[in-house]
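Okay, structure first, notes after.
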Amino acid sequence: MNAFPDVSKIRYEGPQSENPLAFRWYNPDELVEGKSMKDHLRFTVCYWHTFRGTGSDPFGGGTMLRPWDDGSESVANACNRARVAFEFFEKLDVPYYAFHDRDIAPEGKTLAESNANLDAVVAVLKEEQQRSGVKLLWGTANMFSNPRFMHGAATTCNVEVYAYAAAQVKKALEVTKELGGENYVFWGGREGYQNLFNTDMKREMDHLARFFHMAVDYAKEIGFKGQFLIEPKPKEPTKHQYDSDAAACLNFLRAYDLMDYFKLNIETNHATLAGHTMMHELEYAGMQGGLGSIDANTGDLMLGWDTDQFPTDYYLTTQIMLVLLKYGLAPGGVNFDAKVRRESFEPLDLFYAHIGGMDAFAKGLKVAAAIRADRALDKFVDDRYSSWNSDLGRKIESGAVNFKDLESYIMPKGDSAKNASGRQELIEHVLNRYLDKVK
């Protein structure tokens with residue numbers, strides 16, 4: 001197989017390189033905080049955008065030039081596509097990939113036929129994994145594309161659709177285990193509502209929790225040891241999705257006794273749609289022990305939908321890596337849930353896009369590590385909260401005082417509290433200096 005004859009294995013050439021088919025910042029074996037870049041970042045190519053994306057949009061059909069793909073929904077074409085995918089993974093030098101079940105194998109007329117198709121392609125993926133050493137970060141089931149899921153899958157109003165979704169996830173869990181997947185993701189693409197007048201929200205949420213508990217039970221039954229992940233998103237395609245942001249997901253997991261089994265897969269573009277920054281969503285999940293993995297992309301702030309563009313902003317990747325270095329990421333990874341633009345239709349553009357994203361994260365990793373090594377932001381935080389290191393602060397934080405005690409303390413003092421500057425502008429200058437400083 002030689003689907004990319006003009007591309008050799010992508011190598012690290014350093015920041016001065018002008019070769020667009022080389023890494024400027026991503027050096028897989030370079031140690032950062034005692035661990036290799038490869039192990040920190042755990043880069044992952046998503047199968048859906050990279051090998052199933054056509055470039056279509058609401059105003060026009062596909063544009064992508066994919067010479068290896070005959071356009072059919074045959075198993076033979078799916079198997080050929082899988083071999084091409086592994087050629088891409090190897091030349092890009094990524095350790096992981098991720099997929100939905102319907103990305104890798106065509107859906108049949110019946111569930112039994114779909115499962116047989118999946119088994120045929122999984123055999124090829126397994127062979128390619130063993131040959132190449134590339135591993136599966138996570139698998140999942142597509143429960144949003146087929147019209148049967150128009151009302152949702154695990155939150156559907158139709159009990160037979162619910163049963164179908166359960167059977168589909170059962171099979172997806174089996175093949176994820178067979179391929180050594182380190183995680184299993186749930187993205188509730190249609191788990192939400194369009195109209196509350198015809199929706200029993202409590203019943204739907206209860207059904208969703210029951211679905212997740214059944215998944216946990218089946219994973220135990222078959223010996224799947226991977227981490228379960230939920231991917232938050234507020235809207236699109238539904239008016240409101242139940243997994244709208246990190247806070248909603250964690251509240252749901254606590255309410256239904258699922259916190260021991262699930263973490264979150266946070267995506268930049270979804271954070272933006274929820275009205276948050278990626279750093280906020282990561283920090284919120286991380287501080288509560290719920291950060292599992294990330295989808296690495298970005299949106300266009302001039303557009304109000306999920307554009308899934310490749311990340312190239314060093315400021316963004318530095319923010320992300322500051323949080324990931326703080327809380328850790330494994331067994332999750334940095335998955336490029338991103339797609340080339342409709343106009344970038346040649347196979348070579350897939351390499352340019354991923355190389356740019358990988359370099360952006362590698363640069364962000366190095367900048368974040370330098371900031372942490374110098375404790376450049378720690379003093380700002382320490383100074384801002386210094387009053388809490390007093391005897392009074394320690395008593396409040398330990399629960400040793402109440403409202404009456406605090407009233408007695410503050411009453412004779414009057415309005416004596418003196419605030420210090422937050423130094424936001426100075427902090428922004430410091431970050432920019434580190435962006436310039438790291439070579």
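Over the chain, with a single point scatterer placed on each C-alpha, what log10 of the ratio I(q)/I(0) does the Debye formula yield at q = 0.10, 0.12, 0.13 1/Å? Per q value, in the given order, log10 I(q)/I(0) is -0.76, -1.06, -1.21. Under 5 Å between amide hydrogens, built in the peptide plane, is the criterion, and for ILE230 it picks out PHE186, LYS263, LEU264, ASN265 among residues at least 5 positions away or on other chains.
Carbon and sulfur: what percent of the chain's accessible surface (1.4 Å probe)? The C+S portion of the solvent-accessible surface of the chain is 52 percent. Which residue fluctuates most in the GNM of the chain (Cα springs below 10 Å): ARG384, ARG66, ARG81? Ranking ARG384, ARG66, ARG81 by mean-square fluctuation puts ARG384 first.
Of the residues ALA209, ALA400, GLY133, the one whose Cα sits farthest toward the positive end of the charge dipole of the chain, with +1 on the Cβ of Lys and Arg and -1 on the Cβ of Asp and Glu, is ALA400. Heavy atoms of the protein chains alone define the surface here; on that basis the chain has 49 Å² accessible area per residue at 1.4 Å probe size.
Each residue of the stretch 55-66 was assigned a 3J(HN,Hα) from its phi angle through the Karplus expression (A = 6.51, B = -1.76, C = 1.60, θ = phi - 60°), giving x, 6, 9, x, 10, x, x, x, 10, 5, 9, 10 Hz with x at Gly and Pro. Taking amide H atoms as placed 1.01 Å from N in the peptide plane, the amide H of HIS240 lies under 5 Å from those of TYR193, each 5 or more residues away in sequence or on another chain.
Take SER8, SER114 and sort them by solvent-accessible surface of the protein heavy atoms, 1.4 Å probe, largest at the top. Each step should come with its number before you reach the end.
Numbers: SER8 90, SER114 0 Å².
The residues order as SER8, SER114, largest area first.
Report summary: the helix-based calculation at 222 nm, which adds -39500 (n - 2.57) for every DSSP H run with n ≥ 4 and divides by the residues of the chain, gives -14000 deg cm²/dmol. Applying 0.36 nm per residue to the separation of LYS439 and ASP349 and subtracting their alpha-carbon distance, the gain on full extension is 29.8 nm.
Ordered from highest to lowest accessible area with the whole protein assembly present and a 1.4 Å probe, SER344, SER398 read as SER398, SER344. Its Cα centre serving as origin, the stretch 169-255 has a Cβ charge dipole (Lys and Arg +1, Asp and Glu -1) of approximately 120 debye.
For HIS270, the accessible surface of its heavy atoms amounts to roughly 10 Å² (probe 1.4 Å, protein chains only, rounded to the nearest 10). Relative to the longest principal Cα axis of the chain, at what angle does helix 111-132 sit, 0 to 90 degrees, rounded to 10? So the inclination is approximately 70 degrees. Remark: the stretch 285-291, residue by residue, has Karplus-estimated 3J(HN,Hα) of 5, x, 5, 10, x, x, 8 Hz, where x stands for each Gly or Pro and the curve is 6.51 cos²θ - 1.76 cosθ + 1.60 at θ = phi - 60°.
Taking θ as phi - 60° and the Karplus parameters 6.51, -1.76 and 1.60, the scalar couplings of the stretch 211-224 work out to 4, 5, 5, 5, 5, 4, 4, 6, 4, 5, 4, 9, x, 6 Hz in sequence order, x denoting glycine and proline.
Residue separation of GLN288 and LYS91 scaled by 0.36 nm, minus their Cα-Cα distance, works out to 67.2 nm of gained length. Taking every DSSP bridge with both residues inside the chain, close to 20 percent are antiparallel.
The values are calculated or read from the model by the stated rules, or taken from the named source; none is laboratory data. What you see is a predicted model, and the numbers here were worked out from it, not measured in a lab. Cβ coordinates were reconstructed from backbone atoms using ideal geometry, including for glycine residues, and neighbour counts include every protein chain displayed. The accessibility values were calculated without ligands, DNA or RNA, using every heavy atom of the protein model including side chains. Shrake-Rupley method; radii C 1.70, N 1.55, O 1.52, S 1.80 Å.
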